[in-house]
Structures are given as structure tokens and as C-alpha cells.
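Notes follow once the structure below has been shown.
The values are calculated or read from the model by the stated rules, or taken from the named source; none is laboratory data. Every value quoted in this text rests on a predicted model; they were computed, and no experiment measured them. Neighbour counts run over all protein chains shown; Cβ positions are idealised from the backbone, glycine included. These area figures cover heavy atoms from the full protein model, side chains too; ligands, DNA and RNA do not enter into them. Shrake-Rupley method; radii C 1.70, N 1.55, O 1.52, S 1.80 Å.
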Amino acid sequence: MAIHIRLIKNNIKSSSSYGKYFAKTVSQGEVSLNDMVRETLMARGYDRSAVVAVITDLEHALKVKLSDGYTVVIPGIGRFSLRVESEGVDNPKTFSLRHHITRIVCKFLPSSRRQADHSLLYNFGDGVKAVWQSGFKP
């Protein structure tokens, strides 16, 4: 398991880190529901229709519970919750849900555990190494 890394220069002149280089992950593409189903089938030998049904039902249940205002916690995966983004107003009495809410986003906090040094180790990052993106090395 490895993620691919490339260096990106900060070109924002007003930033205190202007001109410095930072590591950035490079996506290796997207994985579809069918890809995930195939992976699950190979790993566990479940029936394809059962895996598709469970994932589809989970998506529906997430939408329902999130839209009801709940935070959904899935052990080993993480926490999902909806948050609003809005424009600021000077007077609370002038705030309008219709005009000042700009969007509703789903926030995800991956599962983690505290290590001996008190830092967090995220489950999805456990055991993953970083490698240079092919064809790129400073």
C-alpha cells in the first residue's frame, strides 16, 4: 500500500510559506461501486447482489439519518455529519435561510486511535507508505 507524492510550490505571495514546497498526494484514479463490490467479492466470497444491496442500503440510510440531523458513526470507517456554509450578516434578524445559506456539505472524520505519543493514527492511513509519483523526483 502506497500513496504517490509530488512537490508543489506555494505561489501565494501573501502566505508566510510563500516559495516553499509541500508534498501533495497524486490520485491514481477513481474507484467505482462495481470496483469495490468486485474487491469485496474476491476478499470474502460474498454474493454480488448481496454486496450491492448492502452498499446501496447503507447509502440510503446515511442520507436519511444525515438529513434528520444525526451524526452517523460507522466503527472502523468514521463519522459523517452535515454542515452548512453561509454568508455572514451584520444583524441576526436579517439572516435568511433561503438567501444566506450557500451550501450544505457532508463532513467526514475518519476513524482513528491515539498512539503512545498522543498523536492520532487514522485507520485508513495505517500501514500506508509514501512514494514518489512515477516520473517525478526532485
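Output wanted: per-residue J couplings in Hz (rounded whole) for region 102-108, from phi through Karplus 6.51 cos²θ - 1.76 cosθ + 1.60, θ = phi - 60°, x for Gly and Pro. Each residue's phi maps through the Karplus curve to give 8, 5, 10, 10, 9, 9, 10 Hz. Note on region 1-109: with charges restricted to the Cβ of Lys and Arg (+1) and Asp and Glu (-1), its dipole about the Cα centre is near 500 debye.
Of the trypsin sites (Lys or Arg not before Pro) found in region 1-101, those that fall in a DSSP loop while having at most 13 other beta-carbon atoms within 10 Å are LYS13, LYS20. Considering only ILE8, SER134, VAL72, the residue lying farthest towards the positive end of the dipole of the chain is ILE8, judged by Cα position with unit charges set on Cβ.
With semi-axes defined as the square roots of five times the eigenvalues of the C-alpha gyration tensor, the equivalent ellipsoid of the chain measures 31, 30, 16 Å, largest first.
Each residue of region 114-130 is assigned a 3J(HN,Hα), and the resulting list reads 7, 8, 4, 7, 6, 7, 8, 10, 7, 3, 6, x, 5, x, 8, 10, 9 Hz, derived from the Karplus form 6.51 cos²θ - 1.76 cosθ + 1.60 (θ = phi - 60°), x at Gly and Pro. Measuring r between the beta carbons of SER27 and LEU121 and using R0 = 22 Å, the FRET efficiency lands at 0.45. Taking one quarter of the surface of the convex hull spanned by the alpha-carbon atoms of region 63-138 gives a direction-averaged projected area of 10.4 nm².
Think of a 1.4 Å ball rolled over the protein heavy atoms: the chain then has 82 Å² of accessible area per residue. The charge dipole of region 5-45, taken about the Cα centre with unit charges on the Cβ atoms of Lys, Arg (+1) and Asp, Glu (-1), comes to about 360 debye, rounded to the nearest 20. Placing unit charges on the Cβ atoms of the charged side chains and taking the dipole of the chain about its Cα centre, the candidate lying farthest along the positive direction among VAL51, ALA116, THR40 is ALA116. Between VAL64 and SER96, the contour length at 0.36 nm per residue exceeds the Cα-Cα span by 9.1 nm. Length available on full extension from ARG6 to VAL105: 0.36 nm per residue minus the Cα-Cα distance, which gives 32.8 nm. Sequentially through region 18-25, phi angles give Karplus couplings (6.51, -1.76, 1.60; θ = phi - 60°) of 4, x, 8, 9, 10, 6, 9, 6 Hz, Gly and Pro residues having no value and appearing as x.
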